[in-house]
Amino acid sequence: MKEMKYDVVVVGAGIAGPIVARNVAKSGYSVLLIDKKPAIGTPKQCAEGISIKVFEKYDIPYDRRFINREIYGAKLYSPSGYELELRYKEASGVILERKVFDKMLAYYAAKAGADVLARTEALDVIRKDGRIAGIKAKHEDETVEIHADVIVAADGVESTIARKAGINTYAPPHEFDSSYEYEMLIEGYDPDLIHLWFGNEVAPRGYVWVFPKDEDRANVGIGINSDNPQTAKYYLDKWLKENNIPAKKILEVNVGVVPVGGFVKELVKDNVLVVGDAARQVNPMHGGGMAEAMEAGTIASKWIVKTLEEENLALLRNYTTEWWETDGERLQKVLKVRKVTEKLSDEDLDLFIQILSGADAEKIAGGDYGEVIRALLKHPKVILSPRRIKLLRELL
Ligand SMILES: Cc1cc2nc3c(=O)[nH]c(=O)nc-3n(C[C@H](O)[C@H](O)[C@H](O)COP(=O)(O)OP(=O)(O)OC[C@H]3O[C@@H](n4cnc5c(N)ncnc54)[C@H](O)[C@@H]3O)c2cc1C
């Protein structure tokens, strides 16, 4: 059996893993980044939308090779067809090509000094003298033992390695969304905006999305609560049919599960850390987790470097503390909002989108949610409904 030794081994080359590998390697430590996929980034399970701010914030080149399209805002559609358009003057987001993006993130990690091994599946942790000494993996047909001082579980929603290391990643089924997506040809939707449809019959708890990758090509998908008796595919196909959108030019089909709550409490156990989807670090409102994975990866790598510098394993636990005091606290608030929006009826959604379409779109697009709620609370149809007032007050 082949044996290897690194300071840090990172399992999973999605988003969180390569960010950790790159940052730690930059500080001069030996890092191995592995992924079970034969080609990093492929297949994708993503609608590929992300805020434009992440490139500068996480020091990622704004490289046209993985940017399909710049996006200038969003259009929201209520169950009865009321529309709310939020358009910015400057590009606010991009639709990525994740097959290229993930691979390039791994490339940046490799350029920073990390070793990278595709088609290498972590099978288990290695325990020695009561502590975790590394991981056992399969590369091609060969079993390899990768010894490391620090192990990073960035292995996505299935979260195998964290569980094997004894980190509690359990969340009930209600805290996950089931999603289904076609990359397909579609016409008639402004390709400068992302489009989101809401409604309890359209997408229970979630939404249908059209994220344009071209003038006439988009990721068309849906997310619904995973404990729903119907499948996500059922609702997506129903929506396409009801809207007379021919699903005859389908380039890809993606199926996935998205954590939308149940953030892992203890992110570190001895010398093992969990980051990204594996730690449920995803925005529970819209199910986007790439920016969150980058943020968690940044915090985790900072504490890994400090731990290695000071040879003090206890420092690793600061990742848990810092994440919970910053992004964890923010996401906890977003989760509260999700739980309130779950209670909205179709009539509520119609009314709120109708009111907001007449409100100051600049302010809403600026993300001033307090302003949005206050605008809703002033409307007569809200004032006359104690239930709606209660729901909205929960959001303030
Ligand atoms: C349909 C869908 C649409 C989405 N749309 C968006 C969106 O538009 N915007 C957004 O921000 N987020 C979106 N998300 C969420 C986003 O994809 C994730 O939050 C993000 O990819 C998390 O990054 P990660 O690095 O934690 O995990 P992942 O990107 O899932 O990466 C984990 C990696 O680990 C590897 N791996 C797993 N197990 C092992 C193992 N045992 N050994 C070796 N390798 C292993 C996998 O092959 C994978 O490459 C979407 C998710 C889905 C399912």
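Would you give the gap between the C-alpha center of the stretch 12-63 and the C-alpha center of the stretch 89-113, rounded to a whole Å? So the separation of the two Cα centres works out to 7 Å.
Using a probe radius of 1.4 angstrom, the carbon and sulfur fraction of the accessible surface of the stretch 1-154 is 47%. Full extension of the chain between LEU395 and MET285 yields a length gain of 38.3 nm, computed as 0.36 nm times the residue separation minus the alpha carbon distance.
One quarter of the surface of the convex hull around the alpha-carbon atoms of the chain equals 19.7 nm², the direction-averaged projected area. Pairing the Cα long axis of helix 386-395 with the longest principal axis of the chain, what angle in degrees results, from 0 to 90 and rounded to the nearest 10? The answer is roughly 30 degrees.
With K and R counted +1 and D and E -1, the other residues having a Cβ less than 14 Å from that of GLU295 yield a net charge of -3. Stretching the chain fully between GLU215 and LYS381 yields a gain of 55.9 nm (0.36 nm per residue, less the alpha carbon separation).
The fraction of accessible area contributed by carbon and sulfur in the stretch 184-262 is 52 percent, rounded to a whole number (1.4 Å probe; ligands and nucleic acids excluded). Relative to the globular-protein estimate of 2.2 N^0.38 Å, the Cα radius of gyration of the stretch 147-193 stands at 1.93. Each label was represented as a point 7 Å from its Cα along the Cα-to-Cβ direction; for LEU313 and VAL340 these points are 4.4 nm apart.
If packing is taken as the average number of other Cβ atoms within 10 Å across a peptide's residues, how do 67-74, 322-329 rank, most packed first?
67-74, 322-329
Each Lys and Arg contributes +1 and each Asp and Glu -1, all at the Cβ; summed about the Cα centre of the stretch 167-253, the dipole is approximately 280 debye. Entry comment: accessible area of the chain is 46 Å² per residue, from protein heavy atoms only and a probe of 1.4 Å. Over 22 Å apart at the Cα level, from the set LYS26/LYS103; LYS103/LYS265; LYS44/LYS333; LYS89/LYS339; LYS265/LYS302; LYS111/LYS269, are LYS103/LYS265; LYS44/LYS333; LYS89/LYS339; LYS111/LYS269.
Accessible surface for PHE352 stands near 20 Å², nearest 10, in the context of the full protein assembly shown (1.4 Å probe).
For the listed residue pairs LYS53/LYS378; LYS233/LYS343; LYS99/LYS306, the alpha carbons are over 25 angstrom apart in LYS53/LYS378; LYS99/LYS306. All Cα-Cα separations within the stretch 84-149 were binned at 10 Å from zero, giving a P(r) of 17, 27, 28, 13, 11, 5, 0, each value a whole percent of the pairs. Quick one: if you stick a label point 7 Å off each Cα along the C-beta vector at LYS249 and TYR369, how many nm between them? Distance between the two pseudo-spin positions: 3.8 nm. Charges were assigned to the Cβ only: +1 to each Lys and Arg, -1 to each Asp and Glu. The resulting dipole of the chain about its Cα centre is roughly 500 debye.
Descending by average beta-carbon neighbour count within 10 Å, the peptides 219-230, 37-48 line up as 219-230, 37-48, the highest first.
The values are calculated or read from the model by the stated rules, or taken from the named source; none is laboratory data. All values reported here derive from a predicted model rather than from experimental measurement. Because the Cβ atoms are built from the backbone with ideal geometry, glycine has one as well, and the counts that use them run over all protein chains shown. Accessible surface areas use protein heavy atoms only, side chains included; no ligands, DNA or RNA. Shrake-Rupley method; radii C 1.70, N 1.55, O 1.52, S 1.80 Å.
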